[in-house]
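Q: There's a structure below that I have some questions on.
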Amino acid sequence: MAKLNINGRVRDVQVEPDTPLLWVIREQVGLTGTKYGCGVAQCGACSVHLNGGVVRSCSIPVSAVKATDNIVTIEGLSATSSHPVQKAWAALDVPQCGYCQSGQLMAAAALLKNNPKPTDRDIDDAMSNICRCGTYQRIRAAVHMAAGQKGA
């Protein structure tokens, strides 16, 4: 049994200690916005915030997460899709297939929290998530747009 604080709500989950956080979020808690992509922490589709930093949840065993840690998924970023990165993504029609976008949004939100006015290079360095549709130019433009909005 593990206690996890996900999106501000403490949840008791019964899983093996080596179960990846991704599967706890999706299968035990039922928050399916966080996606499985590669399973080896390369693509970033599974990105969530852990204590304010962006992490790849497919590679973190639930035993490595404490009950006092704060996990935020795409569902917890903003219940009304009003976070600046969400608004910028919609305004610029960033997603094509959309599969990687929850991870992209979580990476962008973490970047802007730590660096409110990133350069192109800052964005390129921080946004290491893979987009098979190749929307990287729109992703960069959306990060810049979100940086200009309050609350980013």
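Q: So how strong a dipole does the chain carry about its Cα centre when Lys and Arg Cβ are +1 and Asp and Glu Cβ are -1, to the nearest 20 debye?
A: Approximately 320 debye in magnitude.
Q: Also: Show 1, 106, 145, 127 ordered by accessible area, largest first, where the area counts protein heavy atoms only and the probe is 1.4 Å.
A: 1, 145, 127, 106
Q: Still on this structure, I have one more. Find the centroid of the Cα atoms in segment 99-148 and in segment 35-74, then give the distance between the two in whole Å.
A: Segment 99-148 and segment 35-74 have Cα centres separated by 17 Å.
Q: Another question about this same structure. Starting from the Cα of residue 51, step 7 Å along the direction of its Cβ; do the same at residue 78; then give the gap between the two resulting points in nm.
A: 2.7 nm
Q: In whole percent, and with a 1.4 Å probe on the protein chains, what portion of the accessible area of the chain is carbon and sulfur?
A: Summing carbon and sulfur atoms, their accessible area is 50 percent of the total for the chain.
Q: Mind running the shape call on segment 1-95? Use the C-alpha gyration tensor, a ≥ b ≥ c as the square roots of the eigenvalues: rounded below 1.5 for a/c, prolate if a/b tops b/c, oblate otherwise.
A: It is prolate, given that a/c is not under 1.5 and a/b is the larger ratio.
Q: Through the Karplus equation 6.51 cos²θ - 1.76 cosθ + 1.60, θ set to phi - 60°, convert the phi angles of segment 84-98 into ³J(HN,Hα) values in whole Hz; use x for Gly and Pro.
A: In residue order, the calculated couplings are x, 5, 5, 5, 5, 4, 5, 5, 9, 6, 4, x, 9, 6, x Hz.
Q: Before rounding to the nearest 500, sum -39500 (n - 2.57) across all DSSP H runs of length at least 4 in the chain and divide by the residue total; then give [θ] at 222 nm in deg cm²/dmol. Kindly include the intermediate steps, with their values, before the conclusion.
A: Numbers: 5 runs with 45 residues, N = 152.
My calculation for the chain gives -8500 deg cm²/dmol from helical runs alone.
Q: Can you tell me the accessible area per residue over the chain, all protein chains present, probe 1.4 angstrom, in square angstrom? Don't skip to the answer; put the middle values down first.
A: On the way: 7600 Å² over 152 residues.
That works out to 50 Å² per residue.
Q: For the chain, build the charge dipole from Cβ charges (+1 Lys, Arg; -1 Asp, Glu) around the Cα centre, then report which of 37, 105, 85 sits farthest towards its positive end.
A: Positive-end residue among those listed: 85.
Q: If you don't mind, there's one more thing I want to ask. Give the total of Lys-Lys pairs in the chain with Cα-Cα distances below 15 Å; include a pair only if its members are 8 or more places apart or on different chains.
A: Taking the Cα cut-off of 15 Å, the pair count is 4.
Q: Averaging over every viewing direction, what projected area does the convex hull of the Cα atoms of segment 24-152 cover, in nm²? Don't skip to the end; give the middle numbers.
A: On the way: hull surface 30.2 nm².
Average projection, Cα convex hull of segment 24-152: 7.5 nm².
Q: Here is a further query. Starting at the first residue of segment 58-63, write each ³J(HN,Hα) from the Karplus equation 6.51 cos²θ - 1.76 cosθ + 1.60 with θ = phi - 60°, in whole Hz, x for Gly and Pro.
A: Each residue of segment 58-63 in turn: 6, 10, 10, x, 4, 5 Hz.
The values are calculated or read from the model by the stated rules, or taken from the named source; none is laboratory data. For clarity, every value in this text was computed on a predicted model and none was experimentally measured. Methodologically, a virtual Cβ is constructed for each residue, glycine included, from the backbone with ideal geometry; neighbour enumeration extends over all protein chains shown. Accessible surface is based on the protein model in full, side chains and every heavy atom, while ligands, DNA and RNA are left aside. Shrake-Rupley method; radii C 1.70, N 1.55, O 1.52, S 1.80 Å.
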